[in-house]
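**Q** To start, I am sharing the structure in question, which I have written as structure tokens.
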Amino acid sequence: MKTIQKKVCMLGSFAVGKTSMVKRFVEGRFDDRYLSTIGVKISRRKVAVAEDSLSLIVWDLAGGDEFLRTNTSYLRGAAGCLIVCDLTRPQTVRSIDQYAEQMLSANPAAKIIIVGNKADLVDEIQVSKEDLQAVSQSLSSCPVYLTSAKSGINVSDAFKSLAENIINGSLEN
Amino acid sequence: MSGQNLRDAVHKRLSQNFAYARIAADLVIQETSDNFNLILQSKPEKIYTGVLLTELFWEFIGAENYLEKIRQDPFRSYKIERINRHNPRNDKTVYLNLQLSPLEEDDFLLLIEDDSEFGQLEQTLVQERNELRLAQQQLATANFRLRQLDHLKSLFFSMAAHDLRSPLMVIHGYADLIHYLVNEDLPNELLLNKIDANSTLAEVNDYLDVIRVQTSWLENIIHNLIDLNCIDGDKLHLDVVERDLNDFVNETVDIMRPMAKLNTLTLVANIPETTNIVSIDPQRVGQILQNLIGNAIKYTPEGGEIHVTVRPDIENGVDVAIIDNGRGMTETQLENVFQLYYRTDDARRSDIRGSGLGLFIVRTLVEAHKGRVDVKSALGEGSAFSFWLPYAAPAKDT
Ligand SMILES: Nc1nc2c(ncn2[C@@H]2O[C@H](COP(=O)(O)OP(=O)(O)OP(=O)(O)O)[C@@H](O)[C@H]2O)c(=O)[nH]1
Ligand SMILES: Nc1ncnc2c1ncn2[C@@H]1O[C@H](COP(=O)(O)OP(=O)(O)OP(=O)(O)O)[C@@H](O)[C@H]1O
Ligand SMILES: [Mg+2]
Ligand SMILES: [Mg+2]
């Protein structure tokens, strides 16, 4: 078994739960407080994929909105990304395309996973899995996950799926 | 100030914010500046020479190929701004800027700037901006929902008004007919009918039946409206008494029988021998039964049969099933049937009146009695709605 290290990025509008997802994935914790990220915070966690062990270097970036784009220098050398939106805020779905485009122009072979987060807020959900699947259609039907950083549901599955896609992608080449 | 003094002063100043290191082509750290550990918030005794750059700064993992290009081009450098490091001593975030540029003899120069002062300021500003935008978005969403609700309400009230009007018109019409039949000043064309007093009496009775049915239906609609208002405002209050559900079901079926007869339907009650004592609000349980039997009557074509069956001793409670052999429903329709304002497309297209209120109220009222509702149905074969209520405490002894 060999360990490969791969850089992946957390992209998406502000306050969708990028930092919370990383915290859940890496530390197994959740915090209700919102502390906006500026710049980048890096964490690392190993994921087992088939024979290999993949070490994901996760870049948690600041979320923007319609007016703010991610600093491209942060995207250099990334093998993939989770593009996160907030299921209770339809506005956050609209920017998924933009983030994907930015990622792919920096790294054409990058793997993308779309994540609808805050699935625990059942009464406030305004975005369905079908809505996200419609977005994923134009992104070579990349996988879609509905997660909750709060309850932990599906969070590691989303990261694991990204890791698998990266490994399978590098086997193809 | 002499040249040396100036250099020392500048150096002292810079060393509060800048540290540096020499890195070999294979990315192993060769030497570090005196303040390196201070800027990295690490223990003074920690030694970094011999450590791989990518182990100290995971930020460089994945960029190895790019760094190799930089090393061969003196005009290029690799910059990463605002990397976050946690300072365990004050629980604050330290923001560092990293810059890697080529140095002579194949080495790199790593420059680290502690930018925390500005970083923390920017963090506060971004935090405020994001919280403001979040509040803005939440307001916009709430506003949209309110407008939707408002629209739904006015739509609903126009439908309800429509529903109230049709039984009223029927009552009015039949009341006029009775008036003509029993009064002297009948118009000529009706005088002919007044030959036989017995036949007149029979007719009056029939007309009164229609009026009774329509009146109880009107009552049902009005009770639904009142209940909806209570449920909406969270003020649903039950006036509970202990009663035998058997008697109660019998009485309600009797009230509904003329309506079934008008639609040429058979309405049968199957009541067990043993008593079934439950704590209920009689008016509300009447509502439940009238809505369920009323639906069975509305959605079963002429000649059909409706069975109202009380089944005792189920999970320390009693179950009432209303089974018809009417039009039935599909799986997807069944999933939605208890939702507020839901009507099947068939029902909407037909001339059967309704607002999609009844079953929502049934479910809410049953649940308010700590019971539950259930439905089974097959398209074209019929439907079986049922509700279960717990026995009045203490548990029923047989
Ligand atoms: N209920 C619920 N709240 C969540 C979930 N994930 C995140 N949050 C909350 O949403 C807010 C924003 O979460 P963050 O993880 O800081 O969001 P972010 O995407 O990193 O935001 P930026 O760094 O500003 O881009 C915080 O108050 C979190 O507690 C979730 O799954 N469920
Ligand atoms: N016994 C039944 N057989 C077939 N379909 C039914 C039956 N009961 C209800 N439905 C379907 O479920 C829908 C919802 O019923 P519900 O009682 O809530 O509304 P409604 O009867 O249309 O209007 P309202 O009860 O407010 O006058 C109906 O419109 C009808 O399509
Ligand atoms: Mg964040
Ligand atoms: Mg009804």
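The values are calculated or read from the model by the stated rules, or taken from the named source; none is laboratory data. All values derive from a computational prediction rather than experimental measurement. Here the Cβ positions follow ideal geometry from the backbone for every residue, glycine too, while neighbour counts run over all protein chains shown. The protein model used for the area step is the full one, side chains on, heavy atoms only, and it has no ligands, DNA or RNA in it. Shrake-Rupley method; radii C 1.70, N 1.55, O 1.52, S 1.80 Å.
**Q** Give B:THR124, B:THR93 a once-over and let me know the one that is within 16 Å of ligand 1 (Cβ to nearest atom), touching a strand residue (DSSP E or B) at 6+ places or on another chain (Cβ under 7 Å), over 25 Å from B:ILE70 (Cβ atoms) and of a type in the set (Ser, Thr, Tyr).
**A** After applying the criteria, what remains is B:THR93.
**Q** Within the range B:374-382, does at least one residue satisfy the condition of being away from chain A (no Cβ under 14 Å), within 25 Å of B:ARG284 (Cβ to Cβ), open to solvent by less than 20 Å² (accessible area, probe 1.4 Å) and more than 16 Å from ligand 3 (Cβ to nearest atom)?
**A** Within the range B:374-382 (the criterion being away from chain A (no Cβ under 14 Å), within 25 Å of B:ARG284 (Cβ to Cβ), open to solvent by less than 20 Å² (accessible area, probe 1.4 Å) and more than 16 Å from ligand 3 (Cβ to nearest atom)), the answer is no, since none of the residues qualifies.
**Q** In the range A:1-114, which strands (runs of 3 or more DSSP E) lie fully inside it and hold 3 or more residues that are more than 16 Å from ligand 4 (Cβ to nearest atom) and open to solvent by 10 Å² or more (accessible area, probe 1.4 Å)?
**A** A:3-11, A:40-49
Quick grid of which residues meet (1) within 16 Å of ligand 1 (Cβ to nearest atom); (2) closer than 22 Å to A:ARG24 by Cβ; (3) within 14 Å of another protein chain (Cβ to nearest Cβ):
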{"residue": "A:SER105", "(1), (2), (3)": "no, no, no"}
{"residue": "A:ASP120", "(1), (2), (3)": "yes, yes, no"}
{"residue": "A:SER141", "(1), (2), (3)": "no, no, no"}
{"residue": "A:ASN165", "(1), (2), (3)": "no, yes, no"}
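**Q** Taking the stated definitions as given, is B:GLU273 open to solvent by 50 Å² or more (accessible area, probe 1.4 Å) and either basic (Lys, Arg) or without any contact (Cβ under 8 Å) to a residue 40 or more places away in the chain (or both)?
**A** yes
**Q** Being more than 11 Å from ligand 2 (Cβ to nearest atom) and free of Cβ contacts under 8 Å to residues at least 60 places away in the same chain is the filter here; which residues of the range B:343-375 pass it?
**A** Residues satisfying the conditions are B:ASP351, B:GLU367, B:LYS370, B:GLY371, B:ARG372, B:VAL373, B:ASP374.
**Q** Still on this structure, please answer the following. In this structure, does A:SER156 turn out to be surrounded by fewer than 22 Cβ atoms within 10 Å (Cβ to Cβ), more than 30 Å from B:LYS69 (Cα to Cα) and under 12 Å from the mean Cα position of the chain (by Cα)?
**A** yes
**Q** Give me the strands (runs of 3 or more DSSP E) completely within the range B:42-137, filtered to those with at least 1 residues that are open to solvent by 50 Å² or more (accessible area, probe 1.4 Å) and at the interface with another protein chain (Cβ under 9 Å from one of its Cβ atoms), ordered by residue number.
**A** Because the criterion is at least 1 residues that are open to solvent by 50 Å² or more (accessible area, probe 1.4 Å) and at the interface with another protein chain (Cβ under 9 Å from one of its Cβ atoms), the strands (runs of 3 or more DSSP E) in the range B:42-137 that meet it are B:78-87.
**Q** Which residues, counting only those in the range B:293-342, are open to solvent by 50 Å² or more (accessible area, probe 1.4 Å), over 18 Å from B:ARG372 (Cβ atoms) and more than 9 Å from ligand 2 (Cβ to nearest atom)?
**A** Correct list: B:PRO301, B:GLU302, B:GLY303, B:GLU305, B:HIS307, B:ASN325, B:GLU331, B:THR332.
**Q** Just a yes or no: is a residue in the range A:21-29 within 11 Å of chain B (Cβ to nearest Cβ), touching a residue at least 60 places away in the same chain (Cβ under 8 Å) and either under 12 Å from the mean Cα position of the chain (by Cα) or within 19 Å of B:ILE80 (Cα to Cα) (or both)?
**A** No, every residue in the range A:21-29 fails to be within 11 Å of chain B (Cβ to nearest Cβ), touching a residue at least 60 places away in the same chain (Cβ under 8 Å) and either under 12 Å from the mean Cα position of the chain (by Cα) or within 19 Å of B:ILE80 (Cα to Cα) (or both).
**Q** Quick check on the range B:214-228. Is at least one of its residues over 30 Å from B:ASP346 (Cβ atoms) and open to solvent by 20 Å² or more (accessible area, probe 1.4 Å)?
**A** So far as the range B:214-228 goes, no, none of its residues is over 30 Å from B:ASP346 (Cβ atoms) and open to solvent by 20 Å² or more (accessible area, probe 1.4 Å).
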